[in-house]
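A.B. asks: Sending over a structure as structure tokens; questions will come in a sec.
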Amino acid sequence: MRDQKSGFGLREALVNMVFPRRCPVCDEIVPMGDGLICSRCRTRPQYIREPRCRRCGKQLADGMTQYCHDCRQRRHVYDYGYALYDYQSMRKSIYRFKYGNRCEYAAFYARDICGKLADELRMMDADSIVPVPVHASRKRERGYNQAELVAAELSRLTGIRMYGDLVRRVRKTVPQKELTIQERQNNLKKAFNITTNVVKLNKTILVDDIYTTGSTLDAVAMELKRHGVKAVYFIALCIGEGM
């Protein structure tokens, strides 16, 4: 086992020499020995902590209420979920990951999820991980689905099986950030479908990059529950502030 580990470490070092890893926070080359993030950036990500909304996981100003304003105003299809970072502290990182081909960031994000949300993952007791899909045309443009990269790393670290092709995005919708909540919901109607039988799945974790209103997660959760999945949770990389 020791020889296998040392061999893996040597291969990783050689790969990093040819294709040096970029820090997911500052995007500078990570010095050898620093790991997945450079030492000066380890304290820069701002994590979502308690008190959190019991539904969407937004940071709350105080612990006097269980739910944020958004979740008090509307019901969600998903059961509940958590986000890792405050959006403002990691928005540049997520943008580079999503549009700048910084695929290596996925390993850092997944390790951070397992470190910061370990208890939450255990409580979910899920039997599957499903990345929120992008339309095939967008995946061709970028060359990857950023949520799928994180989901694959998370699956590797937790041992929970990832179903990367279970849900397909069949409608190319306009960007959600340009729409109101009602428009987002209408925009996502019939945007997803299930590609195979999911009757054997019981509890699923959806993985996405940014939580805004939860409309996309609700749309995917609706399809999964319609096909027999009993509980749908989510893990998002970033989320905004709650009230």
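A.B. asks: Output the residues belonging to segment 195-230 that are open to solvent by 30 Å² or more (accessible area, probe 1.4 Å) and touching a helix residue (DSSP H, G or I) at 6+ places or on another chain (Cβ under 9 Å).
C.D. replies: We begin by selecting, within segment 195-230, every residue open to solvent by 30 Å² or more (accessible area, probe 1.4 Å); these are 195-197, 199-200, 202-203, 210, 212, 222, 225-228, 230.
Scanning segment 195-230 gives 203, 210, 212.
A.B. asks: Also, quick follow-up: Six or more apart or on different chains, Cβ atoms under 7 Å: show the pairs whose first residue is in segment 100-117 and farther than 14 Å from residue 147 by Cα and whose second is surrounded by fewer than 16 Cβ atoms within 10 Å (Cβ to Cβ).
C.D. replies: From segment 100-117, the pairs are 111/157; 114/157; 116/47.
Residues checked against (1) open to solvent by less than 10 Å² (accessible area, probe 1.4 Å); (2) within 14 Å of the chain's Cα centre (by Cα); (3) under 27 Å from residue 19 (Cβ atoms); (4) of a type outside the set (Gly, Ala, Ser):
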| position | (1), (2), (3), (4) |
| --- | --- |
| 99 | no, no, yes, yes |
| 109 | yes, yes, yes, yes |
| 115 | no, no, yes, no |
| 125 | no, no, no, yes |
| 138 | no, no, yes, yes |
| 141 | no, no, yes, yes |
| 164 | no, yes, yes, no |
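A.B. asks: So which residues in segment 43-96 are aromatic (Phe, Trp, Tyr) and assigned to a loop (DSSP other than H, G, I, E, B), if there are any at all? Working first, answer last.
C.D. replies: Just the residues of segment 43-96 that are aromatic (Phe, Trp, Tyr), to begin with: 47, 67, 78, 80, 82, 85, 87, 95.
If the condition is that a residue be aromatic (Phe, Trp, Tyr) and assigned to a loop (DSSP other than H, G, I, E, B), then 67, 78 are the ones that fit.
A.B. asks: Which of the residues belonging to segment 39-82 are at pLDDT 95 or above, of a type in the set (Lys, Arg) and open to solvent by less than 60 Å² (accessible area, probe 1.4 Å)?
C.D. replies: Of everything in segment 39-82, those that are at pLDDT 95 or above, of a type in the set (Lys, Arg) and open to solvent by less than 60 Å² (accessible area, probe 1.4 Å) turn out to be 52, 58.
A.B. asks: Is it fair to say residue 85 is open to solvent by 40 Å² or more (accessible area, probe 1.4 Å) and modelled with pLDDT of 95 or more?
C.D. replies: Details: open to solvent by 40 Å² or more (accessible area, probe 1.4 Å): no; modelled with pLDDT of 95 or more: yes.
No: the conditions fail for residue 85.
The values are calculated or read from the model by the stated rules, or taken from the named source; none is laboratory data. Because the structure is predicted, anything quoted here is derived from the model rather than measured. Note that we place each Cβ from the backbone using ideal geometry, even for glycine, and neighbour counts take in every protein chain shown. Keep in mind that these areas ignore ligands, DNA and RNA; they rest on the heavy atoms of the full protein, side chains included. Shrake-Rupley method; radii C 1.70, N 1.55, O 1.52, S 1.80 Å.
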